[in-house]
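Asker: Before anything else, here's the structure in question.
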Amino acid sequence: MIVGRVVGEVVCTRKFRTYDAAKLLQVQPLDLQKKDRGLPMTAIDLVDSGPGDEVLICLEGQSAVDAIGLGDNPVDAVILAVIDELKVADA
Amino acid sequence: MIVGRVVGEVVCTRKFRTYDAAKLLQVQPLDLQKKDRGLPMTAIDLVDSGPGDEVLICLEGQSAVDAIGLGDNPVDAVILAVIDELKVADA
Amino acid sequence: MIVGRVVGEVVCTRKFRTYDAAKLLQVQPLDLQKKDRGLPMTAIDLVDSGPGDEVLICLEGQSAVDAIGLGDNPVDAVILAVIDELKVADA
Amino acid sequence: MIVGRVVGEVVCTRKFRTYDAAKLLQVQPLDLQKKDRGLPMTAIDLVDSGPGDEVLICLEGQSAVDAIGLGDNPVDAVILAVIDELKVADA
Amino acid sequence: MIVGRVVGEVVCTRKFRTYDAAKLLQVQPLDLQKKDRGLPMTAIDLVDSGPGDEVLICLEGQSAVDAIGLGDNPVDAVILAVIDELKVADA
């Protein structure tokens, strides 16, 4: 999984059938110092997160699809936790 | 998923059996400011999109294949929504 | 999927059992202007392609394996079409 | 799989249901000389590892999920071994 | 799949249950001219290869796991052939 920050929302009217129920957030991955560290992606929110939240993103498809009860819903990224703290050990 | 813009179409005569029914579009990924942000890819269109449309691309195989009723159709990317708006929250 | 050009063939004598039947081609990914755009990869050819052909590569495993009737055959890339034309829309 | 070093822990209160039981560690991938070699990631720990341990990370979902008996648990990375030694052959 | 050279071995005592039977090799990916071309990775050896061998690596999980009869064994890379020759076509 990767750590990211929610930066926006993706709004679609014309979409694949099972996506009507999905909340799509735009997420920016972060490094250990919580700076931007790569390309933003779109994820289905499973934990009611929103802009500014630091979240845990899972880059995975089928088991996530099963988990949310949308068996034929194409998905490659879900938000599955809001992060309270990223404890970095002393080097 | 990632946000991209449809830039063209891939035309093939000699192809794997189940691809006869698939519409193959070439898509350029975009960043938050809607600039090109990496390498183009080819995706199967599920929502009747076309050149110039901003779309949501899912990088995934098996569940997408099941979703479109083509059980033995190799696929690693589908277009599953046309994007109306990408709402970026204020920093 | 990604667009690439067949640049060679991989010859192996000692290989995993189900690979005896597989034709392994080396493919160079291309950008929209058909220039090299990243690292070459090896793919199982499903459409009888050969050196110089522009092809469509699918980066996927299980459904491709099922599709070619080799259920326990590890695979992460197949060539599933020879490209006639890549129609790029005017910007 | 890739070789990495455990650098911290991810603490979450609000999370997807089946993640209550998962221990989430932050891991920095390493190169052959054991220097940092890319972006950190979050993995579910399967072998009771901790900060400073060099570990083997598997970037995979469904079989890992099955292996730990959490069938609908989205996951894309697990720690499946603590590394004693990385024997590099003489060039 | 990608072409690589075996550069070492990963030795682990504390590991996930089904990994006791797995031989873990460290592999460096190569380009068409057989120069190093990216980050090393760890793969399960299926063809009794060793340091110095040029091999074919498959970046895939579930079907590889099934293929070696270890159904709940997390894996994302296997060595499935020793390469005799990489025939590059004239440009």
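Asker: Pick from the range B:31-58 the residues that are in a strand (DSSP E or B) and touching a Lys or Arg at 6+ places or on another chain (Cβ under 9 Å): which of them is nearest to A:CYS58 (Cα to Cα)? So that I can check it myself, show each step before the final result.
Answerer: Going through the range B:31-58, the residues in a strand (DSSP E or B) turn out to be B:36, B:41-45, B:54-58.
Restricting the remaining residues to those that are touching a Lys or Arg at 6+ places or on another chain (Cβ under 9 Å) gives B:36, B:44-45, B:54-56.
Numbers: B:ASP36: 24, B:ILE44: 23, B:ASP45: 24, B:GLU54: 24, B:VAL55: 21, B:LEU56: 18 Å.
Among residues in the range B:31-58 that are in a strand (DSSP E or B) and touching a Lys or Arg at 6+ places or on another chain (Cβ under 9 Å), the one nearest to A:CYS58 (Cα to Cα) is B:LEU56.
Asker: Any idea how many residues of the range C:58-91 are within 7 Å of another protein chain (Cβ to nearest Cβ), at pLDDT below 85 and crowded, with 18+ Cβ neighbours inside 10 Å?
Answerer: Residues flagged as within 7 Å of another protein chain (Cβ to nearest Cβ), at pLDDT below 85 and crowded, with 18+ Cβ neighbours inside 10 Å within the range C:58-91 amount to 11.
Asker: A further question follows. Go through the range E:46-57 and give me each residue that's closer than 22 Å to D:LEU30 by Cβ and open to solvent by 20 Å² or more (accessible area, probe 1.4 Å).
Answerer: Keep residues of the range E:46-57 that are closer than 22 Å to D:LEU30 by Cβ, which gives E:51, E:55, E:57.
E:PRO51 - this is the single residue of the range E:46-57 that is closer than 22 Å to D:LEU30 by Cβ and open to solvent by 20 Å² or more (accessible area, probe 1.4 Å).
Asker: Looking at the range C:20-49 only, could you name the residues that are out of contact with any strand residue (DSSP E or B) (no Cβ under 6 Å at 6 or more places or on another chain) and closer than 19 Å to B:PHE16 by Cβ? Explain how you work it out, then say what you get.
Answerer: Here is the first cut: in the range C:20-49, the residues out of contact with any strand residue (DSSP E or B) (no Cβ under 6 Å at 6 or more places or on another chain) are C:20-21, C:31, C:33-35, C:39, C:48.
Passing the criteria: C:ALA21, C:ASP48.
Asker: Something else: Which ones in the range B:32-45 are hydrophobic (A, V, I, L, M, F, W, C) and crowded, with 18+ Cβ neighbours inside 10 Å?
Answerer: First, pick out the residues of the range B:32-45 that are hydrophobic (A, V, I, L, M, F, W, C): B:32, B:39, B:41, B:43-44.
Hits for the range B:32-45 are B:MET41, B:ALA43, B:ILE44.
Asker: Tally up the residues in the range D:1-15 that are open to solvent by less than 30 Å² (accessible area, probe 1.4 Å) and over 30 Å from E:ALA43 (Cβ atoms), please.
Answerer: Final tally of qualifying residues: 1.
Asker: How many residues are open to solvent by 30 Å² or more (accessible area, probe 1.4 Å), touching a Leu at 6+ places or on another chain (Cβ under 8 Å) and at pLDDT 85 or above if we restrict to the range C:16-31?
Answerer: So the answer is 1.
Asker: Filter the range A:3-30 for residues that are facing chain B (nearest Cβ under 7 Å) and in a loop (DSSP other than H, G, I, E, B) and give the result.
Answerer: A:PHE16
The values are calculated or read from the model by the stated rules, or taken from the named source; none is laboratory data. Because the structure is predicted, anything quoted here is derived from the model rather than measured. Cβ sites come from the backbone with ideal geometry, for glycine too, and all protein chains shown count toward neighbours. The protein model used for the area step is the full one, side chains on, heavy atoms only, and it has no ligands, DNA or RNA in it. Shrake-Rupley method; radii C 1.70, N 1.55, O 1.52, S 1.80 Å.
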